[in-house]
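In what follows, a single structure is set out as structure tokens and then discussed.
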Amino acid sequence: MTKIRTRFAPSPTGRMHVGNLRSALYEFLIAKHAGGEFMLRIEDTDQERFVEGAVDIIYRTMEKTGLIHDEGPDKDGGFGPYVQSERMKTGIYMKYAQELVEKGEAYYCFCDKERLSELKSEVVEGKEITVYDKHCLSLSKEEVDANLAAGKPFVIRQNIPNEGKTTFHDELYGDITVDNAELDDMILIKSDGYPTYNFANVVDDHTMNITHVVRGNEYLSSSPKYQRLYDAFGWESPVYIHLPLITDENHKKLSKRSGHSSFEDLLEQGFLTEAIVNFIALLGWSPEDNTEIFTLDELIANFDYKRISKSPAVFDYTKLKWMNGEYIKAMDDDKFYEMAEPYIKKSLSREMDLKKIASMVKTRIEVFPDICELVDFLEELPTYDTAMYEHKKMKTTKDSSLKVLQELLPKLEAQDDYSNDALYQLLLAYVEEKGCKNGYVMWPVRTAVSGKQMTPAGATEIMELLGKEESLIRIKKGIELLKNA
Ligand code: GLU
């Protein structure tokens, strides 16, 4: 059996789109699951779309996500160069294009812009394409040579007959057959001498011994043309695996407008790399059981590409947040503190035990920025409605709360030890004295010191953090509000 070799072949056009990262991940997993090799190839032949710095983004993302390539521009594996603009300089694409010309499977085309603009166009999948009329296919060899000798600009086109059908096989979609009449004579070599993506991709996948081609299903419609190229060369085509579309919650193709279509967007929104990778793994693939949390190693062990789905994968942001929360909960405390500290500090200017605050919020957040909202009441007592003192289950009313706070105030003023334990004992003693339920006392105290319906900690923990002075200010404020209510 030949070793599985997959490749991630990004075009350096900007941020790392979630769909691209999923292709990279699946390619990595398919190779690693089978003990194969995963290669990185930079597809930069479209000079107009090239974005400065985008290659760095690719490297950074691969490294951060742990999708470590066995071969690539920075790691020679004997199949280089691994950057298409460098491969072009070796003359490889021209050589193969000319081989097709000799076989009658491709031809030189000298039509200028004006002539092309007069050809009729068709709208294919929302894009307007010009259907070339094979005008230059009728040029004699002498005419072609004369044009070339005169330095006339040219492109090389694939020659696809108008009759017959072409079939190719996809692992998930099965056999797909199309009428050749539907396929345009696509350009293989552009007038600037660069190959098109479509051509370079085929030549490279073959010459770099790629066995499995994994990519988004937007390439499905071009695959018959690729198949014809393989057949024309007499090459065995790779195993094709086209991945389902990723949509937003409204079932529209995931786009920049969603605000979370790239890996960088997600990092900026406070998601952990491991959670992002885990989430993306499930955009189109699921294991046999309902397991949802996977480390990268577990994904390698479990990734059976036969279980990739054909139906569109919905990018469920709520689920991603949930998953991130699970990763946060499982985080080591020191690591968590390191990451949480900047967010806590952003919300708090007063001296407080930040480690304690971190451990309070750890199980209550989904993304780090959630911390700010959870702890800002410690910085400043929010304005709140006294209706919050009324709690059915705790059997508290505004009157009962006022009484409790008023009776507790002198005790709290006399208390010097503001540790959680000591304060808890003080409140418990009062509960016993009254012969009431805990909540009857804790609820109004917590409301007064937090001004919030929900807090990441109980009344006495909050008072410990606030300290005596601030706690008393807040209790007094509660009394005043309740008196006027
Ligand atoms: N350069 C193409 C892209 O970035 C690669 C597609 C493929 O994997 O064949 O979309």
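Computed from the coordinates by the stated procedures, all read-outs in this text should not be read as laboratory data. Keep in mind that what you see is a predicted model, and the values were worked out from it rather than measured. For neighbour counting, all protein chains shown are included, and Cβ atoms are generated from backbone atoms with ideal geometry for every residue, glycine included.
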query: Label-point separation (nm) for V51 and E413, each offset 7 Å from Cα along Cα-to-Cβ?
result: 6.4 nm
field: Residues in segment 153-174 that a label on S191 would reach, taking backbone N under 15 Å of a point 7 Å out along Cα→Cβ
entry: 153-157
Extension gain from T386 to E218, taking 0.36 nm per residue of separation minus the Cα-Cα distance: 54.7 nm
field: Sparsely packed trypsin sites (Lys or Arg not before Pro) within segment 215-307, loop by DSSP, other Cβ within 10 Å at most 12
entry: K252
- prompt: Are there GluC sites (Glu not before Pro) in segment 126-229 that DSSP marks as loop and that have at most 16 other Cβ atoms within 10 Å, and which are they?
  reply: E163, E171
- prompt: How big is segment 40-89 on each of its three principal axes, counting only the C-alpha atoms and giving the largest first in Å?
  reply: 30, 26, 10
statement: Taking 0.36 nm per residue of separation between K319 and K477 and subtracting their Cα-Cα distance, the length gained on full extension comes to 52.8 nm
message: Neighbour counts of other C-beta atoms within 10 Å: give me V131, V123, V449 arranged from fewest to most.
response: V123, V131, V449
- request: List the cysteines in the chain whose Cβ has no other cysteine Cβ under 4.7 Å from it.
  value: C111, C372, C436
- line: Most exposed to least, judged by fewest other Cβ atoms within 10 Å, R49, R15 sort to R49, R15
- prompt: Convex hull over the Cα atoms of segment 271-380, averaged projected area in nm²?
  reply: 7.7 nm²
message: Could you tell me the relative contact order of segment 1-51? Use alpha-carbon pairs under 8 Å, at least six residues apart, and round to a whole percent.
response: 54 percent
field: Cα-projected label distance for E122 with L137, points at 7 Å along beta-carbon direction, nm
entry: 1.3 nm
- prompt: If contacts are Cα pairs under 8 angstrom and at least 6 residues apart, what is the relative contact order of the chain in percent?
  reply: 12 percent
query: Lys/Arg Cβ at +1, Asp/Glu Cβ at -1, dipole of the chain taken about the Cα centre: which of T166, V431, T247 is farthest positive-ward?
result: V431
query: For the chain, what does -39500 (n - 2.57) per DSSP helix run (n ≥ 4), summed and divided by total residues, give at 222 nm, in deg cm²/dmol to the nearest 500?
result: -14000 deg cm²/dmol
Long-range amide H partners of D170 with built H, under 5 Å: D175, I176
- request: Scale the Cα Rg of segment 1-123 by the rule-of-thumb value 2.2 N^0.38 Å and send over the ratio, two decimals.
  value: 1.31
query: If you put +1 on each Lys and Arg Cβ and -1 on each Asp and Glu Cβ, how big is the dipole of segment 20-144 around its Cα centre, in Debye rounded to 20?
result: 260 debye
message: Helix 370-379 against the longest principal axis of the chain: what's the angle in degrees, Cα atoms only, rounded to the nearest 10?
response: 30 degrees
task: Give the relative contact order (percent, whole number) for segment 286-400; include only Cα pairs under 8 Å separated by 6+ residues.
output: 22 percent
message: Angle check, please: helix 398-414 long axis (alpha carbons) against the longest principal axis of the chain (alpha carbons), in degrees 0 to 90, nearest 10.
response: 80 degrees
statement: Treating every alpha carbon of segment 422-479 as one equal point scatterer without solvent, the Debye formula yields log10 I(q)/I(0) values at q = 0.13, 0.17, 0.29 Å⁻¹ of -0.30, -0.51, -1.29
query: Based only on the alpha carbon positions, what is the Kirkwood hydrodynamic radius of segment 130-266, in angstrom?
result: 17.5 Å
message: How much of the DSSP bridge set in segment 169-249 is antiparallel, in percent, rounded to the nearest 5?
response: 35 percent
- line: Nearest 10, in degrees from 0 to 90: the angle of helix 92-102 to the longest Cα principal axis of the chain is 40 degrees
message: If packing is taken as the average number of other Cβ atoms within 10 Å across a peptide's residues, how do 373-386, 391-404, 274-287 rank, most packed first?
response: 274-287, 391-404, 373-386
Percent antiparallel among DSSP beta bridges (both partners in segment 1-136, rounded to 5): 45 percent
query: Over 30 Å between Cα atoms, which of K103/K253; K395/K477; K319/K452; K75/K103; K256/K355; K356/K476 qualify?
result: K103/K253; K75/K103; K256/K355
- prompt: Of all DSSP beta bridges in the chain, what percent run antiparallel (nearest 5)?
  reply: 60 percent
statement: Each label sits 7 Å from Cα toward the beta-carbon; between S311 and D76 the label points are separated, in nm, by 5.0 nm
- request: Calculate one ³J(HN,Hα) per residue across segment 329-341 by plugging θ = phi - 60° into the Karplus curve 6.51 cos²θ - 1.76 cosθ + 1.60, and present them in order as whole Hz with x for glycine and proline.
  value: 4, 7, 6, 5, 4, 5, 4, 4, 4, 4, 7, 7, 3
statement: With no solvent term and unit scatterers on the alpha-carbon positions of the chain, Debye gives log₁₀ I(q)/I(0) at q = 0.07 Å⁻¹ of -0.56
Neighbour-count ranking [beta-carbon atoms within 10 angstrom, fewest first] of S258, S117: S117, S258
